[in-house]
Each structure stands twice: as C-alpha cells, then as structure tokens.
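Q: Dropping the structure in here first, questions after.
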Amino acid sequence: MEVKFLICPSDYRTLALTYIGLHEELEPIRHEVTELFGDVIHAHMMPDYYIPNHYFLEFSHAKANKRDGLQLWSSHMGIDLENTVVFGDHINDVGLFEAGGTRIAVRNAHESIQRLADHIIDSNELDGVARYIQQQMEMSITETIL
C-alpha cells in the first residue's frame, strides 16, 4: 500500500523503514534521504530475491544494524563475539559476519556472504538453519551422554 505521509504516534520509536520497488524509483529516495540526514541514518539497498527486478531500500538509525546489535547483545550477555554463531543470506548480513564468531551462510546466500562464511549449509528453502541447529543440539546431547 502506498502512503503519502508516515504518521507515527509520539510514544512510538521507529526502528527502520523499508521500501520495496524498482531501482529507478528507490535510488532518488535513497539519495535525497542520505543527503538530508547524512550520518544520522543508515541507508541500505539490495536486490529482492523474491520479486524480480525489485529492490529493498531500508533506512534505520546509524546504530540499528546487525553488527552493532550483535555487539550490544554479546556485551549484555557476557559472551565474547568469537563464541557467537551467526547465520546469513544477503548483503545486509555483511556487518554481522564481520563481527560474529562462527559465520554460517545458507547455500542460496549472496556470493559475498558465502565468501565470508566459515560453513555453508542447506538453503533456506530446505530449512538449512533449523537443520544445522538440530544437528548441533544432537551432537551436544551425544557428547554429554558419552
């Protein structure tokens, strides 16, 4: 649905705005918003895997990204980043992969994510992440029993 104005209640905080459309529609928006807000926001545009010739354009606070989120989470949890396992499939996961410990890409991931990955597992269409986690849990249980 197309809206002319985004109205958000004053007691809500917007984390991210995402647009889906043709590159030629989104690029002028990305450019203008980036020019207006500079380093206050993060603009990220990537191809949509599921709608041919379409792109995702996402705006978020400069610190509202997967890398900073993982760093904040690991700090709160008292877990060293090298002891984390991260999963990804698209270029919006690059920062996550750069910060994470063990980096796992699904087989249908973007080539840049596959290059950064420590392991490549079945595609998301084949439930690769769920299968990987299940295998790790089964291995952990077996090791505990032995």
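Q: Take the residues in the stretch 112-127 that are in a helix (DSSP H, G or I) and more than 11 Å from Gly88 (Cα to Cα); name whichever of them is most open to solvent (accessible area, probe 1.4 Å). Working first, answer last.
A: Filtering the stretch 112-127 down to residues in a helix (DSSP H, G or I) leaves 112-116, 124-126.
With the extra rule that they be more than 11 Å from Gly88 (Cα to Cα), the set shrinks to 115, 125-126.
On the way: Arg115: 171, Glu125: 123, Leu126: 99 Å².
The residue in question is Arg115.
Q: It is to be established whether one or more residues within the stretch 103-111 are part of a loop (DSSP other than H, G, I, E, B), open to solvent by less than 20 Å² (accessible area, probe 1.4 Å), of a type in the set (A, V, I, L, M) and in contact with a helix residue (DSSP H, G or I) (Cβ under 9 Å, 6 or more places away or on another chain). Please lay out each step first, then the result.
A: Kept after step one, since they are part of a loop (DSSP other than H, G, I, E, B), are these residues of the stretch 103-111: 107-110.
Keeping just the survivors that are open to solvent by less than 20 Å² (accessible area, probe 1.4 Å) gives 109.
Those still in the list that are of a type in the set (A, V, I, L, M) too: 109.
Among the residues that remain, those that are also in contact with a helix residue (DSSP H, G or I) (Cβ under 9 Å, 6 or more places away or on another chain) are: 109.
Yes, because at least one residue in the stretch 103-111 is part of a loop (DSSP other than H, G, I, E, B), open to solvent by less than 20 Å² (accessible area, probe 1.4 Å), of a type in the set (A, V, I, L, M) and in contact with a helix residue (DSSP H, G or I) (Cβ under 9 Å, 6 or more places away or on another chain).
Q: So, of the residues in the stretch 104-143 that are touching a Gly at 6+ places or on another chain (Cβ under 7 Å) and not β-branched (Val, Ile, Thr), which turns out to be nearest to Tyr55 (Cα to Cα)? Explain how you work it out, then say what you get.
A: Going residue by residue through the stretch 104-143, those that are touching a Gly at 6+ places or on another chain (Cβ under 7 Å) are 105-107, 109, 113, 121-122.
In the following step, the residues that additionally are not β-branched (Val, Ile, Thr) were identified as 105, 107, 109, 122.
Numbers: Ala105: 21, Arg107: 21, Ala109: 16, Asp122: 24 Å.
Only one residue fits best here, namely Ala109.
Q: Could you list, in sequence order, the residues of the stretch 44-99 that are of a type in the set (Gly, Ala, Ser), part of a helix (DSSP H, G or I) and within 24 Å of Ile20 (Cα to Cα)? Explain how you work it out, then say what you get.
A: Kept after step one, since they are of a type in the set (Gly, Ala, Ser), are these residues of the stretch 44-99: 60, 62, 64, 69, 74-75, 78, 88, 95, 99.
Next cut, part of a helix (DSSP H, G or I) only: 69, 74-75, 95, 99.
Hits for the stretch 44-99 are Gly69, Gly95.
Q: Continuing with this model, one more query. Considering only residues that are in contact (Cβ under 8 Å) with a residue 40 or more places away in the chain and within 13 Å of the chain's Cα centre (by Cα), look in the stretch 37-55 and name the one that is least open to solvent (accessible area, probe 1.4 Å). Before you say what the answer is, go through the steps one by one.
A: To start, the set of residues in the stretch 37-55 that are in contact (Cβ under 8 Å) with a residue 40 or more places away in the chain comprises 44, 46, 49.
Those still in the list that are within 13 Å of the chain's Cα centre (by Cα) too: 44, 46.
Details: His44: 39, Met46: 23 Å².
Step by step, filter the stretch 37-55, then rank; the result is Met46.
Q: Restricting to the stretch 1-36, what's the tally of residues that are loosely packed, with under 14 Cβ neighbours inside 10 Å, among the aliphatic types (A, V, I, L, M) and outside any strand (DSSP E or B)?
A: Looking only at that region, the number is 6.
Q: Scan the stretch 116-134 and report the pairs whose first residue is under 8 Å from Ala105 (Cα atoms) and whose second residue is at pLDDT 95 or above and of a type in the set (Gly, Ala, Ser), with Cβ atoms within less than 6 Å and a gap of 6+ or a chain change.
A: Final answer for the pair search is Ala117/Ala105; Ile120/Ala105.
Q: Still on this model: State all residues of the stretch 1-30 that are among the small types (Gly, Ala, Ser) and over 27 Å from Pro52 (Cα atoms); if no residue qualifies, say none. Reasoning before the result, please.
A: Step one: list which residues in the stretch 1-30 are among the small types (Gly, Ala, Ser), which gives 10, 16, 21.
Selection gives Ser10 alone.
Q: Quick check on the stretch 75-102: of everything there that is in contact with a strand residue (DSSP E or B) (Cβ under 6 Å, 6 or more places away or on another chain) and more than 21 Å from His44 (Cα to Cα), which residue is most open to solvent (accessible area, probe 1.4 Å)?
A: Val85
The values are calculated or read from the model by the stated rules, or taken from the named source; none is laboratory data. For clarity, every value in this text was computed on a predicted model and none was experimentally measured. Using ideal geometry, Cβ is built from the backbone for each residue, glycine included, and neighbour counts are taken over all protein chains shown. Accessible surface areas use protein heavy atoms only, side chains included; no ligands, DNA or RNA. Shrake-Rupley method; radii C 1.70, N 1.55, O 1.52, S 1.80 Å.
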